[in-house]
Structure formats: structure tokens, C-alpha cells
Amino acid sequence: MPSYLSACDVLVSPHTAQADGGEFFGSPTKLFEYMAMGRPIVASAVGQIAQVLRDGDSALLVPPDDPAALSAAILRVVDDPCLRQRLGAAARLDAERHFTWQQHAARLLAALETA
């Protein structure tokens, strides 16, 4: 998978609102893979995605179900090489600092110890 992701100039994670109106829930593993690649990310601001990524810093976040906002954000990243580099570097740094498998395991063990 890394060879496919590294071939991309922008990594995109679009999502829609939940049909039942509930909060989006899904595994953000794809986001962590994107972040580790050091590529700019454009994603829908839903659930854990909006908690992991920082709009304008580690990614561009757009409202769910808004194709115009999604395409505008993608074009913004494509047209701005400095923004691409800055977003990708910040996402990679966040992945290294906060979202490794070792860090996830440590958080899980800490939670189990307090339970």
C-alpha cells in the first residue's frame, strides 16, 4: 500500500453524515497511514477524523456531504506546493508523536490499569 499512497499528491478521506443522524464512528487507521506518508490530507470533518486531524495545520477539513468544499480544498492543495509540504510534514510529525502502534498500546494498557 505505501507505494500506492506515495504516488498520490493529495490523500483524500471524504465521508457523509450518518443516515440515522448519529455521530460518525469508524476506525481512523486509514488516516494514520495517510499521516505516516507525509502527504497532504483533505478529509471530512466528522467523528474521530476531526479529532485526529487539525484543520489548516495537519490537513484541510471540509463539511461532510459537501462536494464543492471537498473539490475546492483538493484544488487549493494541488495549486499550493508550500501548503502541500506544510500539511504533509505536520501530519507526519503528528503521526510520529501521537499515533504509533506503541503509543496506542500504551494508552490501552493505561486504560486497563485504571479500570
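Given the criterion assigned to a helix (DSSP H, G or I), free of Cβ contacts under 8 Å to residues at least 40 places away in the same chain and surrounded by 10 or more Cβ atoms within 10 Å (Cβ to Cβ), identify the matching residue among R76, R97.
None of the others qualify; the one that does is R76.
Sort through L5, L31, L112, L87 and tell me the only one that's out of contact with any Leu (no Cβ under 9 Å at 6 or more places or on another chain) and assigned to a helix (DSSP H, G or I).
L112
One residue is enough: does segment 68-84 have a residue meeting the conditions within 26 Å of T16 (Cα to Cα) and under 11 Å from the mean Cα position of the chain (by Cα)?
No, segment 68-84 has no match at all.
In segment 19-39, which residues are modelled with pLDDT of 95 or more and over 16 Å from P2 (Cβ atoms)?
Hits for segment 19-39: nothing passes.
Any chance you could count how many residues in segment 46-67 are of a type in the set (A, V, I, L, M, F, W, C), part of a loop (DSSP other than H, G, I, E, B) and at pLDDT 95 or above?
Looking only at that region, the number is 1.
Can you tell me which residue among L70, L53, L87 is surrounded by 19 or more Cβ atoms within 10 Å (Cβ to Cβ) and under 13 Å from P14 (Cα atoms)?
Criteria check complete, one pass: L70.
Taking the condition exposed (fewer than 15 other Cβ atoms within 10 Å of the Cβ) and touching a residue at least 12 places away in the same chain (Cβ under 8 Å), does P63 pass?
Considered against the rule, which asks whether it is exposed (fewer than 15 other Cβ atoms within 10 Å of the Cβ) and touching a residue at least 12 places away in the same chain (Cβ under 8 Å), P63 comes out as yes.
The values are calculated or read from the model by the stated rules, or taken from the named source; none is laboratory data. If you're wondering where the values come from, they're calculated on a predicted model, not measured in any experiment. Cβ: placed from backbone, ideal geometry, glycine included. Neighbour counts: every protein chain shown.
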